[in-house]
Amino acid sequence: MAQAWKCAGLRWAADGPVLTWVGGRRSALVRGKRVAFGVAEGGVRTCVGARGHACPVRAGVSGRSTGARCEECARLDRAHSVAADTMADDPRPYRVYLAWFGPGLVKVGITAYERGSARLLEQGAVCFSWLGCGPLMAARRTEELLRAALGVPDRIPYAHKRAVRAALPESEAERAAEIAALHARAVALGGWPEALTPEPFGGVDHAGVFGIAGAERGPAAVAEVAELVAGGAIGGELVAAAGPDLHLATERGVVVLDTRLMTGWELVSAEGEPCAVPLRELKRAAGVQDGLF
């Protein structure tokens, strides 16, 4: 019987995306190489636990869940989360950023200074700019200021990000235009926390890193994986990777696999099997937020 591995998620390293596995194994993801795996017959997806601890009851979770946690473990995970505002006493410095995912899709967010741009890569930000740096609560107040004064959201669904990837502007200047204009408007606002140090606009473009624009762009995706299932398999050439998403060229066209759907399953090698998992049509530019300007 083939050895099974449990996926611990996708991480972005300095040299690109890496799949991590429970136990410490890592698999570098290189564009042009084949990525293939399957779920054993009779396999069951189980909760991945919280804060480094296994789920005490090994609860089953839905194949469509991107969190792969049962209700109790999800609650425990968020109990120590900056994103959920439960760590107001975190002493580390934080940066406020503006991120662009495609035409009309701009968000504001914060990330720990020590993480650099890793958070932006994990979210699939096509381009971004820092806005300021300071203590956590000052960063939070600045984030709230932009939401209230300029109507900038702090979250964008992954489905919206996928919908616009096939229609990105060709040049870095065009891709940075919306956040450049928003950065200027943000800097002109009054009411910034004194503890936050503003940072000048400096667009950082990830389109080439992801393989979704210019000469690096592969074929447009036509579908996305809805869920993994026992006995199912998927394999294809990696043509792009953005945030948690892998774009795989399969016999059914380019399919987007959200690697968060892999966690909680025991996976095995599946070199030659056809794409045999539930797919859904990839919507084009659906649900794009209203223009900011």
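The values are calculated or read from the model by the stated rules, or taken from the named source; none is laboratory data. All figures in this text were calculated on a predicted structure; none of them were measured in a lab. No Cβ is skipped: glycine too gets one built from the backbone with ideal geometry, and neighbour counts run over all protein chains shown. Only protein heavy atoms, including side chains, enter the accessible area calculation; ligands, DNA and RNA are left aside. Shrake-Rupley method; radii C 1.70, N 1.55, O 1.52, S 1.80 Å.
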Subset of region 127-145 [assigned to a strand (DSSP E or B) and open to solvent by less than 20 Å² (accessible area, probe 1.4 Å)]: CYS127, PHE128, SER129, LEU131, GLY132, GLY134
Breaking point among (1) surrounded by fewer than 18 Cβ atoms within 10 Å (Cβ to Cβ); (2) out of contact with any Ser or Thr (no Cβ under 7 Å at 6 or more places or on another chain); (3) closer than 21 Å to ALA14 by Cα; (4) of a type outside the set (A, V, I, L, M, F, W, C), for GLY202: (2)
Among the candidates LYS107, LYS33, residue that is surrounded by fewer than 12 Cβ atoms within 10 Å (Cβ to Cβ) and out of contact with any His (no Cβ under 9 Å at 6 or more places or on another chain): LYS33
Residues (among the charged types (D, E, K, R) and under 17 Å from the mean Cα position of the chain (by Cα)) located in region 228-261: ASP245, ASP258, ARG260
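Name the one entry in ALA83, ALA50 that is at pLDDT below 95, crowded, with 16+ Cβ neighbours inside 10 Å and more than 18 Å from LEU196 (Cα to Cα).
The unique qualifying residue is ALA50.
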Any hit, region 56-79, residues being open to solvent by 70 Å² or more (accessible area, probe 1.4 Å), modelled with pLDDT under 90 and not charged (D, E, K, R): no
Flag if LEU98 is touching a helix residue (DSSP H, G or I) at 6+ places or on another chain (Cβ under 8 Å), within 29 Å of VAL255 (Cβ to Cβ) and either open to solvent by 80 Å² or more (accessible area, probe 1.4 Å) or modelled with pLDDT of 95 or more (or both): no
Near pairs, Cβ below 7 angstrom, 6+ apart or cross-chain, from region 7-36 (modelled with pLDDT under 90 and hydroxyl-bearing (Ser, Thr, Tyr)) to any residue that is open to solvent by less than 90 Å² (accessible area, probe 1.4 Å) and in a loop (DSSP other than H, G, I, E, B): none
Leading residue by the ranking (least open to solvent (accessible area, probe 1.4 Å)) among those in region 148-184 that are assigned to a helix (DSSP H, G or I) and without any contact (Cβ under 8 Å) to a residue 60 or more places away in the chain: ALA180
Residue check, GLY124 within 15 Å of the chain's Cα centre (by Cα), open to solvent by less than 20 Å² (accessible area, probe 1.4 Å) and in contact (Cβ under 8 Å) with a residue 24 or more places away in the chain: yes
Count - residues of region 216-231 that are within 15 Å of ALA242 (Cβ to Cβ) and loosely packed, with under 15 Cβ neighbours inside 10 Å: 2
